[in-house]
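Inspection log for the structure reproduced underneath, given as structure tokens.
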Amino acid sequence: FGDWFLGKARRQAAAADRVLDNHHLFMAGLAVRASGFGEVLPEWDAAVFDEAHLVEEAATSYFGQNLSSWALSILKRDLERALPALSLTTGAVLSPQVDIFGRQVEALATRFYKWPGEYELWREGDPESGPLRDFLLNLYHDTLALAEHLKAPAKDNDELASLLSRMFEAAGNMLFLAEANNREYVYQAERQGRRLTLSAFPIKVSRHLAEGLIN
């Protein structure tokens, strides 16, 4: 851990008088700190922005919620890697559920909005809307069911606890995107190759910036 590149970089940043970064790293730091799960950058007393007209765009991307088929596929891979550490009984129960989860992730990546580009989600008259919403709600319930089976073994396993946290976060995003009832957000799908990303972006980021920068 002492020679880990990121660990070294964070220690150097913590010891520095000034840290130079970009808008995206700074906004990622604000978003992580707001979530209560840690920090990307060390504590600071003042922030100076160059090209400040780009701050709003960077903040919008980090203070939204998104669901990426690629990120879910990584989650499925990590779940598979964790299975051998479980008891035979728990592993036998979870293995087929992880396989089903993987097939659902593959379906999300390939079934909807097949052409490259950005799409408005839940647009009236969009034939994708109904099937996609039903799919997300089913995936939400199945993800929670899978997470329930991880709760007990995760109590004594940090790796499983991290996976469980990621699953609950993903499930929360699924529900938020499927319900789409928060009028302070706009909802979008983006297709890039075999990756589909569903996002909810805040229309105004002033509250997030005020809480993260001023308070």
Tell me which trypsin sites (Lys or Arg not before Pro) from the range 91-148 have a DSSP coil assignment and no more than 12 other beta carbons within 10 Å of their own. LYS114, ARG123
Surface/4 of the Cα convex hull for the range 1-128, nm²: 12.7
Sulfur and carbon atoms: percent of accessible area, the chain [1.4 Å]: 53
Positive-end extreme of charge dipole, the chain - chosen from ALA189, SER206, GLY130 (charges on Cβ): GLY130
Which one of ALA52, LEU72, PRO84 is farthest out on the positive end of the charge dipole of the range 43-86, using unit charges on Cβ (Lys, Arg +1; Asp, Glu -1) and the Cα centre as origin? PRO84
Accessible area expressed per residue, the chain, with surrounding protein chains retained (probe 1.4 Å, Å²): 62
What is the Cα coordinate range of the chain on the first, second and third principal axes, sorted by size from largest, in whole angstrom? 53, 50, 30
Spherically averaged projected area in nm², based on the convex hull that wraps the Cα atoms of the range 94-150: 4.4
Over the range 136-215, volume per residue of the alpha carbon convex hull, in Å³: 151
If r is the Cβ-Cβ distance from LEU54 to ASP156 and R0 is 30 Å, what FRET efficiency results, to the nearest 0.05? 0.10
If you stretched the chain out fully between ASP134 and ASP45, how much longer would it get, using 0.36 nm times the residue separation minus the C-alpha to C-alpha distance? 27.4 nm
Exposed GluC sites (Glu not before Pro) absent - longest run of the chain, DSSP non-H/G/I/E/B, at most 14 other C-beta within 10 Å: 52-123
DSSP H helices in the chain with Cα extent of 30 Å or more along the helix axis and mean Kyte-Doolittle hydropathy at least -1.0? 88-111, 129-154, 158-179
For every helix of n ≥ 4 consecutive DSSP H residues, a contribution of -39,500 (n - 2.57) applies; sum these over the chain, divide by its total residues, and give [θ] at 222 nm rounded to the nearest 500 deg cm²/dmol. -18500 deg cm²/dmol
Proximal lysines relative to LYS151, as straight alpha-carbon distance under 21 Å, when same-chain residues fewer than 8 apart are discounted: LYS76
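The values are calculated or read from the model by the stated rules, or taken from the named source; none is laboratory data. Every value quoted in this text rests on a predicted model; they were computed, and no experiment measured them. Virtual Cβ from ideal backbone geometry, glycine too; neighbours counted across all protein chains shown. Calculation scope for accessible area: heavy atoms of the full protein, side chains included, ligands and nucleic acids excluded. Shrake-Rupley method; radii C 1.70, N 1.55, O 1.52, S 1.80 Å.
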